[in-house]
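Right, one structure below, let's go through it.
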Amino acid sequence: LVDGLVQRGFSPKLLAGAAAAAETNEHQDSDRKDLRDLYVFTVDPAMAQDFDDALSFERTPAGTTTVYVHIADVSYFVREGTVLDKEALRRGNSVYVATGVEPMLPPQLSSGVCSLRPDEDRKAVTVEMEVDDQGKVLASRFYRSLIRSSKRMDYGQLERMFRGTEPMDPDLAQPLEWGRKLAQTLREVRLARGSLRIESTEPEFEWDEQGRVISADASEELESHWFIENYMVLANEQVASFLEREKVPTVYRVHDLPDPFNLDHLLDVLSSLGLPTPAFDAMAATPKEIRRVMRETAEWVDRYTPPGRGKAALVQQVLRAQARAVYDTVNIGHFGLASQTYLHFTSPIRRYPDLLVHRGLLGKLGLGPAPSTGLLTEWAEHCSKTEREAAK
């Protein structure tokens, strides 16, 4: 086993720390905006216990949409420098395997008071955005909130609602209609901006009691997946832009341009299969050209791979030609998302960098203690490493 996974479970000392932290859930906080009257819903994988994020939608008299992305207020419970915090940093992230999860935080927090479970009051950090019908964010606000989720859905359920094969609650129908229309616009805007079009499918396994695989399905990319993803990306970008503008040291999620020689190799593979490829000179290519050729190639493979030509394998080749996305304190942008400023904010229950971002944001807003930033670069590097180990 990789060194990050040798220890399963949590020591009595950590469990006691988590229990003490969980008790603070009962505290009334004067600086928290009460949003319990707002219709809030969550969408997660069917087996998930840790619900990091929730959504709400409203229409304004001006004809714009107010999008609320509510994220579990983990930094409220996990204070910097505590034993809980040090263990979360050591782990770097939750590790998901097909039969379960080894969480970054003890269960009292990860699937307890931090998880945005339905019909329970929960402390959150809300990103409130006013978005016009062209997908442009006109204004955004960040604050601590108190929410109460009305509905917990899984992706399959939401997909059936989108396709009209499962009825939806009357309360959900209107917000979902607003959100769905806007999500389609946001997706078009992202693709027009040059976001990489790569739809890779992860196999989904079914296991029996003894932990043996009894079936495997290639999960298709569903509208319900990119519906949620669009709003998470939007919230991440808004937080990233605010922290960069305010010169707050933080951990960005960066993705460099592909290595031109890796791209050249990809084009060789495609042309050896008799597939058309653009002209490309790896020695002389400018960043702009690398960007254009990579995008064109990814889009071509996605749209036009002839039947029987192993599209899944070609998509893997396109993915292999990419640089690896990592955490860094220096922002070089995110090539894959065509985003100039990006970070991870939306999953603080399961990723330590998100927790660092929460602390930086709340510290800047005067809603939390100012975090220490001296070791941010080392922490970013460590979290990139634990992420790679978890993937293995």
If a residue has to be without any contact (Cβ under 8 Å) to a residue 60 or more places away in the chain and within 29 Å of Val97 (Cα to Cα) to count, how many in the stretch 23-47 make the cut?
1
Just one of the numbered conditions (1) assigned to a helix (DSSP H, G or I); (2) touching a helix residue (DSSP H, G or I) at 6+ places or on another chain (Cβ under 7 Å) is not true of Pro175; which one?
(2)
Would you kindly identify the strands (runs of 3 or more DSSP E) lying entirely within the stretch 95-138 that contain at least 3 residues that are open to solvent by less than 50 Å² (accessible area, probe 1.4 Å) and of a type in the set (Val, Ile, Thr)?
121-131
Just checking, does the stretch 263-280 include any residue being touching a helix residue (DSSP H, G or I) at 6+ places or on another chain (Cβ under 8 Å) and at positive phi?
no
Among the listed residues Arg190, Arg253, Arg197, which satisfies the condition of being surrounded by 15 or more Cβ atoms within 10 Å (Cβ to Cβ) and in a loop (DSSP other than H, G, I, E, B)?
Arg197
Which one is surrounded by the most Cβ atoms within 10 Å (Cβ to Cβ) among residues in the stretch 323-349 that are touching a Leu at 6+ places or on another chain (Cβ under 8 Å) and closer than 14 Å to Val74 by Cα?
Phe345
Would you mention how many residues in the stretch 350-365 are among the aliphatic types (A, V, I, L, M) and either closer than 30 Å to Ala298 by Cα or out of contact with any Leu (no Cβ under 9 Å at 6 or more places or on another chain) (or both)?
2
Could you look through the stretch 74-94, keep only residues that are part of a helix (DSSP H, G or I) and in contact with a helix residue (DSSP H, G or I) (Cβ under 6 Å, 6 or more places away or on another chain), and pick out the one that is surrounded by the fewest Cβ atoms within 10 Å (Cβ to Cβ)?
Val83
Checking Phe242 against (1) closer than 30 Å to Arg359 by Cβ; (2) at pLDDT 95 or above; (3) open to solvent by 50 Å² or more (accessible area, probe 1.4 Å), which test does it fail?
(3)
When both residues are 6+ apart or on different chains and their Cβ atoms are under 8 Å apart, which pairs have a first residue that lies in the stretch 170-195 and is farther than 30 Å from Lys288 by Cα, and a second that is open to solvent by 60 Å² or more (accessible area, probe 1.4 Å) and modelled with pLDDT under 95?
Leu176/Met168
Among the listed residues Glu289, Glu389, which satisfies the condition of being open to solvent by less than 50 Å² (accessible area, probe 1.4 Å) and assigned to a helix (DSSP H, G or I)?
Glu389
So, in the stretch 256-283, of the ones that are open to solvent by less than 70 Å² (accessible area, probe 1.4 Å) and free of Cβ contacts under 8 Å to residues at least 12 places away in the same chain, which residue ends up farthest from the chain's Cα centre (by Cα)?
Gly274
Six or more apart or on different chains, Cβ under 9 Å: which pairs go from a residue in the stretch 359-377 that's closer than 15 Å to Leu343 by Cα to one that's open to solvent by 30 Å² or more (accessible area, probe 1.4 Å) and among the charged types (D, E, K, R)? Could you list them?
Arg359/Glu80; Thr377/Asp328
Working only within the stretch 53-73, note down all residues that are open to solvent by 10 Å² or more (accessible area, probe 1.4 Å), of a type in the set (Gly, Ala, Ser) and in contact (Cβ under 8 Å) with a residue 40 or more places away in the chain.
Gly63
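The values are calculated or read from the model by the stated rules, or taken from the named source; none is laboratory data. Every value quoted in this text rests on a predicted model; they were computed, and no experiment measured them. All Cβ positions, glycine included, derive from the backbone under ideal geometry; neighbour counts span all protein chains shown. Note: areas computed on protein heavy atoms with side chains; ligands, DNA, RNA excluded. Shrake-Rupley method; radii C 1.70, N 1.55, O 1.52, S 1.80 Å.
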